[in-house]
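Report on one structure; see the data block that follows.
The values are calculated or read from the model by the stated rules, or taken from the named source; none is laboratory data. This one's a predicted model, so the numbers in the text were calculated from it and none came from an experiment. Cβ atoms come from the backbone with ideal geometry, glycine included; neighbour counts cover every protein chain shown. Note: accessible area is taken over every heavy atom of the protein model, side chains too, but ligands, DNA and RNA are not part of it. Shrake-Rupley method; radii C 1.70, N 1.55, O 1.52, S 1.80 Å.
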Amino acid sequence: MASRAVSVSAALVVAGMVLVPVTAVLWRGGGFGGLGPADWAALRFTLWQAALSALLSVVLAIPVARALARRAFPGRSALIALMGAPFILPVIVAILGLLSVFGGKGVINQLIVPLGLTRLDIYGYHGVILAHVFFNLPLAVRLLLQGWLSIPAERFRLAATLNAPVWQVLEWPMLRRLCPGAFVVIFVICLGSFAVALTLGGGPRATTVELAIYQAFRFDFDLGKAATLAMMQLLLGLAAGLVALRLAPRDGFGAGLDRQVARWDGISRSAKVADTVWITLAAGFLLLPLASVAWAGVPGLFTLPPEVWLAAGRSVLLALGATALTLTLALPLLSRAGEAAALLGVSVSGLVLGTGFFLLLQPFVRPASVALVVTMLVNALMALPFVLRILRPGLDGAKADFARLSASLGLSGWALWRIVYLPRLRRPLGFAAGLTAALSMGDLGVITLFADGDTATLPLQIYRLMGSYQMESARGAALLLLALSLGAFWLFDKGGRVNADT
Amino acid sequence: MKALPFVAGLMLASAAAAETPVLTVYAPDYFASEWGPGPGIEAAFEERCGCDLEYKTGELLPRLLLEGANTEADVAIGFNSDITKKARESGLFAPHGLDTSALTLPIEWNDDTFVPFNYSHTAFIYDNTKITDAPTSFDALLNAPDDLRLVLQDPRSSISGLALVLWVQQVYGEKSEEAWAKLAPKIVTVTKGWSESYGMFTDGEADMVLSYTTSPAYHIIAEEDLTKSAAIFDEGHYFMVESAAKLKNSEQSDLADQFMAFILSEEFQTMIPTSNWSFPAALADDKWPEGFKALPVPEKVLFYSEDEAAAVRNEAIEAWRRALSQ
Amino acid sequence: MLTLDQITLAQGPFSLAADVSFNDPITALIGPSGAGKSTLLNLIAGFVAPSQGRVLWNGRDISKLPPSQRPVSMLFQDNNLFPHLAVWENLALALTHRRPNAKQSAQMKQALSRVGLVGYETRKPGALSGGQQSRVALARVLLQARPLMLLDEPFAALGPALKQEMLDLVAEISAETGMHVVMVSHDPQDAARIATGTAVVDEGRVSAPMPTRALLENPPAGLKAYLGATQAP
């Protein structure tokens, strides 16, 4: 399974699942479309906002993840799970949650304006960055936190006995290994931003490539242009991926014996205060908007129409299916080539990808009859880069530590995975499964292109409710979605941790 | 995979239903949802046709264009006036052949393909307990103090946003860009779609939101909330209409004709106000629900024909973009 | 008998040449660090391929065999046990990749009792002391029952008394089973304790093994320099 042929062909299959649909759209659109100055402006804005958002998310994640890694306090694991929630919220819900805190009439302004301070104006480029950091900081924190947890306890003990600077000898090398990858996945997510960038950016200055794609598709039905723009997204995502893979040095830490990480550094008063401040700030930044989403949802939660519950059930099944599919696809893709191929999936516009699948399937089946399957597949393609980023450092570590022992015991193929790699990857697998489940639960995805009345998912119902003025029910359904996503995430993540330490 | 039995179930279900004729109607997502007019219309029509009406939702025109002549659709309902030109040019649709003299639209309608079923006008909605001196003209809005907070939709991704741009074009013509520049400081932000804007408005993030003259009716009738009003402007309001058309290649041509005629019936039209939250296209106003009768209606209605709209659209959007990108 | 037939290995600036046979029941490899002792073991075990030459066991060429099919078991400097598997499961891997049958279970019990760890079956390595972990690894080597055991300083992290205990256990196992041992050591006392023959690895060359006692009493020049500081008066 780890053989080169398998991983290369898996990479080709995944690349094909992205490139073939996009090519189908391009072909149907009659070739590449011309781009105007507004499109190039959109491309420039897309690029720099994505780069800055990703950079800030990763830089801010470093102190937060470090604080979480070396502090034990009651509710720590619940906090970590909750902090992951922004990443999985439907965009519209997240925007309203953010505005309830940072908006003109938001909590912060209600606190500072009476004190005579200038009103905080969230709308502008800083708003776009703030929103993207809100969405992606949790992912960055989790990716880096994993890195900290992967440093074996023995190394901390060794550093403590030598009185060596932990930051220099252990943490910085770990961060050098993980940060480029984290940067790239977040950069690529931000490439596809549309509604968030527009709304928080305060208008057309914050036009992204994705909006141009939507416009080409919905208003002009210019498929050639839509596909051309999607190809540019692909190139950007791929370029970023290749740069990062090159930047990240490949060295492991050696295996520990899986004991709970105890540390001897960071016991000074100032370190404790700093950690507390970072955790509090991050928790406040991420949790206040969520609390507002939850609070606004309570009144509507108890009067939700049955269709919403049905859709919720459908979304749960969809999420489980997408999770199984993603993990199955991920294992043979755990290689450099696999990771590069998987980046294609998330960098390309979901709208174009969905349209491509629609074009390809339409001659053979009724698109609506495969709506959920296609949605599952697209969700899996979108989730793959995160899953691979989460799993690869763990697999590289397991290989570095146990490849010789496994080879001397004649372990290979599936037995090697079953006995060595999968158990070694238990923690990251749980995290990856939780993230995929939560992501596909909250993703509106391509279901809008295919859906019939009886295939609507929960996020789609939320949009429908909002579109019919039913704001209260929509808020209630959003709370339900939040609870389900978090629940799925928590269960999988927990499953990966149970007994993983002993 | 859990979906396989599910998909198989779907296929079985459609096979079982094949004995009664099926009329396939493509509709926008909001229309066919449980909270839109779709379900009521489906029940009423099925009662009289002895058939099975099925909605297919999604992006209406892109989907039809993707499927081309192979489309399953017999009827498509929910075209906004901005896409009828493109739809017409596709050659997918058949003339409706209906007598449209019963239409009660505020403009003249002589379209032989698209039958309107509801209309409204773009308007700015506000909370009348917070704003007591709402602007009564577009000029007054432009000259309002800059702390009046407006939220709009993007004309490149939203039909109401596009209608606003055309509205400004009608009112200010060549001076549109100046008008937008005056409006710009008051615009809090521009959103992708109507739902985001309206959510921001009901959350108190904006004082006025770009919506429709009929929006207050929802609050009045469904929530008994009288605090939402539409600001009516002297210059007139841009007219927004949704229409339906029959597919040329429909295999259920008679049923499709029946449905097109049903659209203009009183039974259909009386369902529109309180499920679509807009004015019915063919119903005298004495038959409207009380909440609708009480709505202030603009005296003057502005509208571009689809050809005129196509001619000015790009320029109007560009004026908007330039002014708001400053 | 293990024969390294005109072996050369080049990895960048590093090179190693060996053309020797190891006949003693226990042979030690000593020499300065970085000289290539571990590399030589990896070469014998099949983790590193030589640029030229052959590895022979009792005259049979094993150069082309994958590590698991060589007549070799090996203990590494660390990571000799899978931390997520209990002692019992770690041992079972020597015999099968599935659930062990009754006969295999009996063998495992015997091996465990040989290293004095009966009752520790369900413990995970993290819950064992360093010495106990080494014993489990040795039990597995016993179960693998390969004619040649390679030791890449697996006991380096143990205290002196414990290390001697482990070396004695290795010597006993070698004597009981007839297993040959090739061990890397940077401590001449380890070699003196159990190895009958010792080969010096220095400046990219592997010398022919000599009787350990004689070698240590009368070291050649290169070895003398290396031993200098460690030979306490």
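Of the solvent-accessible surface of the protein assembly as shown, computed with a 1.4 Å probe over protein heavy atoms with every protein chain present, carbon and sulfur atoms account for 58 percent.
When the helix-only estimate is applied to chain B (DSSP H runs of n ≥ 4, each -39,500 (n - 2.57), divided by the residue count), what is the mean residue ellipticity at 222 nm, nearest 500 deg cm²/dmol? Kindly include the intermediate steps, with their values, before the conclusion.
Values: 14 runs with 136 residues, N = 326.
Mean residue ellipticity, 222 nm, calculated: -12000 deg cm²/dmol.
Calculation over all alpha carbon pairs of the stretch C:82-145 in 5 angstrom steps from 0 returns a P(r) of 4, 21, 35, 27, 11, 2 percent. By the rule of a second cysteine Cβ within less than 4.7 angstrom, the protein assembly as shown holds isolated cysteines at A:CYS179, A:CYS190. For chain A, excluding the exposed loop sites themselves (chymotrypsin sites (Phe, Trp or Tyr not before Pro), DSSP loop, at most 11 other Cβ atoms within 10 Å), the longest remaining stretch covers A:1-301.
Both the radius of gyration and Dmax for the stretch A:36-160 are 18.3, 60 Å, in that order, over alpha-carbon atoms. When you restrict to C-alpha pairs under 8 Å that are six or more residues apart and normalise by the size of the stretch A:32-289, the relative contact order lands at 34 percent. Against chain C, whose longest principal axis is taken from its Cα atoms, helix C:130-144 shows a tilt of about 90°.
Kirkwood hydrodynamic radius, computed over distinct alpha-carbon pairs, for the stretch C:131-178: how many Å, to one decimal? Can you show the working numbers first?
Details: mean 1/r = 0.0906 Å⁻¹.
Averaging 1/r across every pair of different Cα atoms and inverting gives 11.0 Å.
What are the GluC sites (Glu not before Pro) within the stretch B:201-265 that DSSP puts in a loop, where the Cβ has at most 11 other Cβ atoms within 10 Å? Numbers along the way, then the final one.
Numbers: sites: B:GLU205, B:GLU223, B:GLU224, B:GLU235, B:GLU242, B:GLU251; in loops: B:GLU205, B:GLU224, B:GLU235, B:GLU251.
Taking the stretch B:201-265 and a limit of 11 other Cβ atoms within 10 Å, the loop GluC sites (Glu not before Pro) found are B:GLU224.
In the structure shown, the pairs B:LYS182/B:LYS300; B:LYS186/B:LYS293; A:LYS494/B:LYS192 are assessed against 26 Å; a Cα-Cα span above that value is assigned to B:LYS186/B:LYS293; A:LYS494/B:LYS192.
Counts of other chain beta carbons within 10 angstrom of each beta carbon in peptide A:212-219 average 5. Taking Rh as the Kirkwood radius, which is the inverse of the mean 1/r over Cα pairs, what is the Rg/Rh value for the protein assembly as shown? Checking Rg against Rh, the ratio lands at 1.09.
Relative to the longest principal axis of the Cα atoms of chain C, the long axis of helix C:160-177 makes an angle of roughly 80 degrees.
Where does each of B:ASP99, C:ASP152 land when they are ordered by accessible area, with a 1.4 Å probe and the largest first?
Values: B:ASP99 115, C:ASP152 5 Å².
Listed by decreasing accessible area, they come as B:ASP99, C:ASP152.
Relative to its Kirkwood radius, the Cα radius of gyration of the stretch A:333-474 gives an Rg/Rh of 1.11.
Let me check against my output: what whole-number percent is the relative contact order of the stretch C:82-145, with C-alpha pairs under 8 Å and at least 6 apart? Please report the intermediate quantities before stating the final value.
On the way: 62 pairs, mean separation 31.7, N = 64.
Once divided by the residue count of the stretch C:82-145, the mean separation gives 50 percent.
Of the chymotrypsin sites (Phe, Trp or Tyr not before Pro) found in the stretch B:277-326, no site is in coil according to DSSP while having at most 10 other Cβ atoms within 10 Å of its Cβ.
Past the 12 angstrom mark, what percentage of all C-alpha to C-alpha distances in the stretch B:207-264 do you count?
Numbers: 1253 of 1653 pairs.
So the portion of pairs separated by more than 12 Å is 76 percent.
Of all aspartates and glutamates in the structure, the ones whose alpha carbon falls short of 16 Å from that of C:LYS124, not counting any fewer than 8 places away in one chain, are A:ASP258, A:ASP501, C:ASP78, C:GLU89. The spacing between the stretch A:142-157 and the stretch B:252-275, judged by their C-alpha centroids, is 66 Å. Only Cα pairs under 8 Å and 6+ residues apart enter the sum, and on that basis the relative contact order of chain C stands at 29 percent. At the listed q of 0.08 Å⁻¹, the Debye profile of chain C, built from one uniform point per Cα, gives log10 I(q)/I(0) equal to -0.30.
Restrict the search to the stretch C:1-106; then list the trypsin sites (Lys or Arg not before Pro) that DSSP places in a loop and that have at most 12 other Cβ atoms within 10 Å of their Cβ. Kindly include the intermediate steps, with their values, before the conclusion.
Values: sites: C:LYS37, C:ARG54, C:ARG60, C:LYS64, C:ARG98, C:LYS103; in loops: C:LYS64, C:ARG98.
Hits after loop and neighbour filter: C:LYS64, C:ARG98.
Measuring with a 1.4 angstrom probe and ignoring ligands and nucleic acids, B:THR274 comes out at about 60 Å² accessible. Taking all protein chains as they are arranged and a probe of 1.4 Å, the heavy atoms of B:ASP307 leave approximately 90 Å² accessible to solvent.
Accessible area per residue was computed with a 1.4 Å probe on protein heavy atoms; A:THR280 scores about 90 Å².
What is the mean number of Cβ atoms from other protein chains located within 10 Å of the Cβ atom of each residue in peptide A:455-466, rounded to a whole number?
Numbers: counts 4, 5, 0, 0, 0, 3, 3, 1, 5, 10, 5, 9.
Taking all residues of A:455-466 together, the mean is 4.
Summing Lys and Arg as +1 and Asp and Glu as -1 over all other residues whose Cβ lies under 14 Å from the Cβ of A:GLY224 gives a net charge of -1. Kindly give Rg over Rh for the stretch A:32-289, based on alpha-carbon atoms, with the Kirkwood expression for the hydrodynamic radius. Result for the stretch A:32-289 is an Rg/Rh of 1.03.
Using a 10 angstrom Cβ neighbour count of at most 13 plus a DSSP loop assignment to flag exposed trypsin sites (Lys or Arg not before Pro), which longest range of chain A is free of such sites?
Working: sites that count: A:ARG119, A:ARG250.
Result for the longest clean stretch: A:251-502.
When A:LEU247, C:LEU143 are compared by accessible surface with a 1.4 Å probe, the order from highest to lowest is A:LEU247, C:LEU143.
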